[in-house]
1. Using the Cα centre of chain B as the reference point, and only Cβ charges (+1 on K/R, -1 on D/E), how large is the resulting charge dipole? Debye, rounded to the nearest 20.
2. Please report, in debye to the nearest 20, how large the charge dipole of segment A:70-201 is about its Cα centre when each Lys and Arg carries +1 at its beta carbon and each Asp and Glu carries -1 there.
3. Under 5 Å between amide H atoms, partner at least 5 residues away or on a different chain: which partners does B:E44 have, H built in plane at 1.01 Å?
4. For the cross-link pairs A:K234/B:K128; A:K144/A:K242; B:K183/B:K250; B:K168/B:K326; B:K76/B:K326, which exceed 22 Å when the distance is taken from alpha carbon to alpha carbon?
5. Quick check on segment B:203-271: take the gyration tensor over C-alpha atoms, sort the square-rooted eigenvalues as a ≥ b ≥ c, and tell me if it's rounded (a/c under 1.5), prolate or oblate.
6. For segment A:29-39, what does the Karplus curve 6.51 cos²θ - 1.76 cosθ + 1.60, with θ = phi - 60°, yield as ³J(HN,Hα) per residue in whole Hz, taken in order and with x for Gly and Pro?
7. Once the other residues with Cβ under 15 Å from the Cβ of A:Q66 are scored (Lys, Arg +1; Asp, Glu -1), what is the net sum?
8. Let me check against my output: what whole-number percent is the relative contact order of chain A, with C-alpha pairs under 8 Å and at least 6 apart?
Amino acid sequence: MKISGKTLGQSAAFRKLVGALVIYAVIQILLATGLLSDYYFATIVTIGINVILAVSLNLITGFTGQFSLGHAGFMSIGAYFCAFITLRVEGIPGFLLGILVGGCAAALVGVLVGLPTLRLRGDYLAIATLGMAEIIRIIFQNIKITNGAAGLSNLPQYVNWPWLFLFIAAVVALTVNFLHSSPGRACIAIREDEIAAEAMGINTTRYKVTAFIIGAFCAGVAGALYATYFPRIKPDTFGFMKSVDILVIVVFGGLGSITGSILGAIVLGLISMFLSSYTELRMVLYALLLVIIMIFRPQGLMGSRELSLALMKRAGDHLMGLFRKKEKEGRV
Amino acid sequence: MKKLLSVFCAAALAITALAGCGSEKTGNKVEDGATTIKIGLSYELTGSVATYGQSSVDGVKMAIDEVNAAGGINGKTIELVEYDTKSDEAEATTLGKRLMGEDKVLAILGPATSGAFKAEIPDANSYKVPVISGSATSNDVTVVNGKVQEYAFRICFSDSFQGEAMAKYAAQTLGAKTAVIYKDSSSDYALGLAEGFAAAFADEGGSILKEESYTSNDKDFNAVLTSIKDLNADVIYVPGYYQQAGLIIKQAREQGIDVPILGADGFDSPDLLGLAGAENLNNVFFTNHYSSLDQDPVVQDFIAAFEERYGREPDAFNALGYDEAKFLCDALSRCESLDSVSLQKALCETKDFPAVTGTLSVDENHDAVKSIVVIELKDGEQYKSEKVG
């Protein structure tokens, strides 16, 4: 079988698929044999949800260049809409319907908010999206059906590793494919220079809103996954600090790098897990680590590059080169 | 390569199918030969409600040190495994799994707030490990949709019970016939109190003239207080926290409203005095878990020991933390065998346990049946305390 002149084994898509399946299988085996307990799975779920959030925010902030501080707002819409459904429709159909409705509701709000606000730039957009997230939180805090400030309890739990993996893979595939499409290229052009892009005939508002909607949809899905793994949601969970946490992951991983966002979510999740035994010092150490890492890698872990086998090979060769040089010097 | 792909897909699917067969959990137990009993401590040590968590933990540690110094439980000392939930409910769920699944604790104390405690309960039921909170007062903590949460316990009364107690006190002791409720609508706690008060006050034959509300960011209450003044109610019930209650009392007294102002344990803070001013804190009554005026030796010994250890007067959270740890140790000493399932039974059977916050028994809903204290303030000082209920 041949795809564009290469054999199947050589095609990048095939290699990515195999790579993803290997990761899936390894974790599935570890979970099935009990080597990874529920606690570690809870950490994996937190990381997985953060991966989806970070990748979708990266699409808006890193690739389209629109500084949004309202991602937690979309997440909360996904979580609440999904919870309404799963509390009323039982079983897997309810779960899937909840995720779909959660994502769509968030996307709809994305349109409503995006159309007027995406005409703003830079700081103004950040403030507008921040305001939007606060409005959403306060609405959830004050209406009866969401049970106000107390939030919803005893939500049914469905998320397991296969589902989680499926949704992460779907979101990443959606984002990557979008970026490789013509609208995706238009988004990157907007990030590079909005005026130049407009001069080239790109309808900037339209593409900005498109990226915003996709990002909002994915954040809604992440919120829905949160509400089907954790038994409780309340408005405060999706406050301003949650939006900042997501932004931290994106900047830490590298603005404009999908693999950077994934890696960022994993690294920060693991750091947080290892520090949890240090109780009072934990947040201080976490912040300190962030500062140190950002000093030494201001462009984020990956910069705007993607992690790929070729890049890893180059890095390996580079290291080997250094090693040989040292060895030679040692001999002299 | 094609073959390899299909093998991978098949393998991954096969493992997925296998994952369905999980096994029923049987609870944690103390291994033979172990010299310690592990107890989990999952509290809000940082974040927005850190004061509650830290205060509770101070009380818990004091109680556990006392038990260990007295020889522990059946010759085994108690070892605390402590984590911080960052005041985040998802973290409470995650740490609950860690304590129950990884650290294999026999029981978990905490978290302090109702929401975080509720986030831990589903796992407690599936791992069969009891979880105990000293201060989760929300109405639906231990019973959900008419079903008792098997492994969840609390040693405090619920919000609506506290509201009811105040209503009875107002009607019977203060002789009130009419009342106005001025509640914090942004807090679940205040809404529970208001609900309980309104229902019980009506049962006592009184009438609620009006329900007004404020939110936790408000500073100026004069407009609403003016309209309340015109109603001439016998008492004003202000369910909420001291931050706003202090200002409400000050502004009400300055307007010349001198009827009794009633509140709940949210009033219990030294800051109330600073906000309201000593001259305004007269004819103010609030329900609480315990009063330092109580001459019961259990209370006075606790206060003396606490002051010696920490150099300050204990607050209600300190007392509740101390009580929940003592309550757990009492059940541990009555356990048939040291495992979490027999511990759950022993906890259910607790009767007339002499706690600092009142003698308590566990009812069929895993709620604490205990007395409640009404404290009267005079010139900003606790002047009189009375046990009711």
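1. Working: 33 positive and 59 negative charges, 250 e Å.
So the dipole magnitude of chain B works out to roughly 1200 debye.
2. Details: 7 positive and 7 negative charges, 65 e Å.
In total the dipole reaches around 320 debye.
3. B:G53, B:T85, B:A112
4. Details: A:K234/B:K128 26 Å; A:K144/A:K242 24 Å; B:K183/B:K250 16 Å; B:K168/B:K326 30 Å; B:K76/B:K326 15 Å.
Violating the 22 Å Cα-Cα cut-off are A:K234/B:K128; A:K144/A:K242; B:K168/B:K326.
5. On the way: a/c = 1.66, a/b = 1.25, b/c = 1.33.
Here segment B:203-271 falls in the oblate category.
6. Once θ is set to phi - 60°, the couplings for segment A:29-39 become 5, 4, 6, 5, 8, x, 5, 9, 7, 3, 4 Hz.
7. Values: positive: A:R119, A:R121, A:R191, A:R206, A:K208; negative: A:D123, A:E192, A:D193, A:E194, A:E198.
Spelling it out: positives minus negatives among the neighbours equals 0.
8. On the way: 470 pairs, mean separation 91.5, N = 332.
Rounded, it is 28 percent for chain A.
No value in this document is a laboratory result; all are computed from the given coordinates. Quick caveat: nothing in here was measured; it's all calculated off a predicted structure. All Cβ positions, glycine included, derive from the backbone under ideal geometry; neighbour counts span all protein chains shown.
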